[in-house]
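S.K.: I'd like to ask you about the structure that follows.
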Amino acid sequence: MAGRTFTVEEVAQHNKAGDLWIIIDAKVYDVSKFVNLHPGGAGVLLTKTVAGKDATDAFFGLHRHEVLLRPQYARLQVGTIAGQKEYIKAAVPGELSGVPYAEPAWLSQGFHSPYYNDNHRRFQKEVRKFFEEVVLPDAVKCEDNGKRISQDVVDKLCENNIPAMRIGPGKHLKGRKLMGGIVTPEEFDHFHELIINFEVGRLGTRGYVDGLLAGQVIGLPPVLNFGSPELQAKVVPEVLDGKKFICLAISEAFAGSDVGGLQTYAERDGDEWVITGTKKWITNGTFADYFTVAARTDKGYVVVLVPRQDAVSAKAIKTAYSSTAGTSYVTFDGARAPVANTLGAVGQGMQVVLSNFNHERWMIVCTSLAAQRRIVEECLKWTAQRIAFGKPLNTQAVVRARLAAMIARVESGQYWLEFVTHQMNNMSYDEQSDKIAGTIGLLKQYITSTGRETAEDATLIFGGRGITQTGMGRLVENYHRTSPYDAILGGSEDVLGDLGVRQAIKKLPTNVRL
Ligand code: HEM
């Protein structure tokens, strides 16, 4: 049917209830039966300016393109207009956006960057395709129904070793085939990792972004860096191959960014630790098999890997984002773990916890910035296609001023992040702790605070649609509701800004004066 062609005049004959056709972008749709099911009501389709007419502008002022691609609506198409060509391009999985600033400059035609090579470009293309084809449908579904990431998607992520790559470069990649072999474990660097984080962040489903095994990104490194070889040999493959899930259990109702205030207690009983206490806001906790727990002992702090058992309960916490993230309140009621599960030395637990933070914060910066950039793209498109007061929104100077601020924020954040990532590629972990821990704190503060400014601007630009969970503004609504997460997780914005300044103060030469 869709192969038939019609003239505009022929379509115009079908302009009434029971026999109703419309044209959208050179395609003819028979909406005779659909009209009574139309979520926007029957009346709008039966008006004189729409019934039997070309309704392209009206349609794109009110719907996302994806509506027409849904199978139940795509099959309403009965043909095309003779001599006209479809003009509006659907996004092709893996393809880059042509909208200015929708992609970081290194991916934009004709721009150069000192940081990325051809391997990064090939890698980015495959990762984007994978995320759009395999992950995105699951993300949209789980963000809505609150269920955890599908095992099928976990298995496919693991086939490509994406969870392993999200831990960063290192020995855990040895012998693994990364993204079908595009990059070798030796070549893999923090820019490859940044690329994965960007694709995660731009999904536009913030709860799922954390549900996408974020617990593993922060919960496994203490095992990798401080666990015994036997513990690593058992746990690391289980987790990186998607057979078991892990989360990091540090924050408590008693202590969030103030890690020193922890009250969970670990007591020795022969060859076992007995853990008692509670943990709050634990990402992926509802479905985790292992908990990397920070606790107090008589001899200072300790970090222990605690397996799920009857004495561990993880209750879902309702938050502003989707429960697909598995955010939980975890109770350890005399939970037991072998002393062999100790991660690092007893009394050195705080060092284990802190050693994790730079990478966690950098990862949040990557995903947060990608989400922010996605919003810039949404706003550039929307302000071009939305007609208000008789002309596109982007003809209003006040709207362009908001766009200017949004673009400047995302671009400045990008270049700062890339500079920091380059340092990570060239510094040992100790050097990073010394030289860029404070910078990463400041960078995170910058990205998350600008993110919330962009969320506000975008909501104003989208108007009512910016506060509606479905339809045109769904990404903006999700971003506006969830951008405060990035400002809090991994150390809250104010604490991190302060960390950056304190590090700078510590390094002030004592012998300088104005
Ligand atoms: C094949 C053609 C069409 C299909 C499949 C379709 C489908 C939909 C769907 C699924 C929605 C719910 C919102 C969303 O998911 O975006 C919707 C809303 C709406 N539609 Fe359509 N529609 C079509 C054509 C039109 C046309 C030509 C008009 C013209 C004026 C129109 C006016 C509206 C309005 C006013 C809403 C409510 C928008 C809102 O709540 O913001 N639709 N439509």
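The values are calculated or read from the model by the stated rules, or taken from the named source; none is laboratory data. Because the structure is a prediction, the values reported are computed rather than measured. Here the Cβ positions follow ideal geometry from the backbone for every residue, glycine too, while neighbour counts run over all protein chains shown.
S.K.: Which residues, counting only those in the stretch 181-220, are assigned to a loop (DSSP other than H, G, I, E, B) and either among the polar types (S, T, N, Q) or surrounded by fewer than 24 Cβ atoms within 10 Å (Cβ to Cβ) (or both)?
M.R.: So the first thing to find is which residues in the stretch 181-220 are assigned to a loop (DSSP other than H, G, I, E, B), and the list is 182, 184-189, 202-205, 212-213, 220.
ILE182, THR184, PRO185, GLU186, GLU187, PHE188, ASP189, GLY204, THR205, listed by residue number.
S.K.: Read through the list (1) charged (D, E, K, R); (2) touching a residue at least 40 places away in the same chain (Cβ under 8 Å); (3) outside any strand (DSSP E or B), then give the number of the only condition that ARG336 fails.
M.R.: (3)
S.K.: Cβ contacts < 9 Å: first residue more than 15 Å from TYR73 (Cβ to Cβ), restricted to the stretch 29-47; second residue assigned to a loop (DSSP other than H, G, I, E, B) and within 6 Å of the ligand (Cβ to nearest atom), any location; separation 6+ or different chain. Result?
M.R.: Sorted first by the residue in the stretch 29-47, then by its partner, the pairs are VAL44/HIS38; VAL44/VAL50; VAL44/LEU62.
S.K.: Here's a follow-up. All but one of (1) away from the ligand (no atom under 16 Å from the Cβ); (2) in a helix (DSSP H, G or I); (3) buried (at least 17 other Cβ atoms within 10 Å of the Cβ) hold for GLY490; which doesn't?
M.R.: Every listed condition holds for GLY490 apart from (2).
S.K.: Could I ask something else about it? State whether the residues of the stretch 314-323 include one that is of a type outside the set (A, V, I, L, M), assigned to a strand (DSSP E or B) and buried (at least 24 other Cβ atoms within 10 Å of the Cβ).
M.R.: So far as the stretch 314-323 goes, no, none of its residues is of a type outside the set (A, V, I, L, M), assigned to a strand (DSSP E or B) and buried (at least 24 other Cβ atoms within 10 Å of the Cβ).
S.K.: If you don't mind, another one. Can you tell me which residue in the stretch 5-32 is farthest from the ligand (Cβ to nearest atom), limited to those that are over 15 Å from THR80 (Cβ atoms) and of a type in the set (S, T, N, Q)?
M.R.: Filtering first and then ranking leaves GLN13.
S.K.: Next question. Please tell me if THR292 is modelled with pLDDT of 95 or more and either outside any strand (DSSP E or B) or surrounded by 20 or more Cβ atoms within 10 Å (Cβ to Cβ) (or both).
M.R.: Numbers: modelled with pLDDT of 95 or more: yes; either outside any strand (DSSP E or B) or surrounded by 20 or more Cβ atoms within 10 Å (Cβ to Cβ) (or both): yes.
So THR292 passes the test.
S.K.: Evaluate the following for TYR73: is it hydroxyl-bearing (Ser, Thr, Tyr) and surrounded by fewer than 17 Cβ atoms within 10 Å (Cβ to Cβ)?
M.R.: Working: hydroxyl-bearing (Ser, Thr, Tyr): yes; surrounded by fewer than 17 Cβ atoms within 10 Å (Cβ to Cβ): yes.
Taking the combined requirement at face value, the residue satisfies it.
S.K.: Restricting to the stretch 52-72, name every residue that is free of Cβ contacts under 8 Å to residues at least 24 places away in the same chain and near the ligand (Cβ under 6 Å from one of its atoms).
M.R.: Matches in the stretch 52-72: ALA58, VAL67.
S.K.: List the number of the failed condition for THR49; all other conditions in (1) in a loop (DSSP other than H, G, I, E, B); (2) more than 11 Å from the ligand (Cβ to nearest atom); (3) more than 30 Å from LEU194 (Cα to Cα); (4) among the polar types (S, T, N, Q) hold.
M.R.: (2)
S.K.: Taking the condition part of a loop (DSSP other than H, G, I, E, B), assigned by TED's automatic domain parsing to the domain that holds GLY180, at pLDDT 95 or above and out of contact with any Gly (no Cβ under 6 Å at 6 or more places or on another chain), does LYS147 pass? Before the answer, list the steps.
M.R.: Values: part of a loop (DSSP other than H, G, I, E, B): yes; assigned by TED's automatic domain parsing to the domain that holds GLY180: yes; at pLDDT 95 or above: yes; out of contact with any Gly (no Cβ under 6 Å at 6 or more places or on another chain): yes.
So LYS147 fits the description; yes.
S.K.: Restricting attention to the stretch 25-70, report how many residues are of a type in the set (Ser, Thr, Tyr) and either crowded, with 16+ Cβ neighbours inside 10 Å or more than 22 Å from VAL8 (Cβ to Cβ) (or both). Outline the logic, then answer.
M.R.: Of all residues in the stretch 25-70, those of a type in the set (Ser, Thr, Tyr) come to 29, 32, 47, 49, 56.
Filter once more, keeping what is either crowded, with 16+ Cβ neighbours inside 10 Å or more than 22 Å from VAL8 (Cβ to Cβ) (or both): 29, 32, 56.
Of the residues in the stretch 25-70, 3 are of a type in the set (Ser, Thr, Tyr) and either crowded, with 16+ Cβ neighbours inside 10 Å or more than 22 Å from VAL8 (Cβ to Cβ) (or both).
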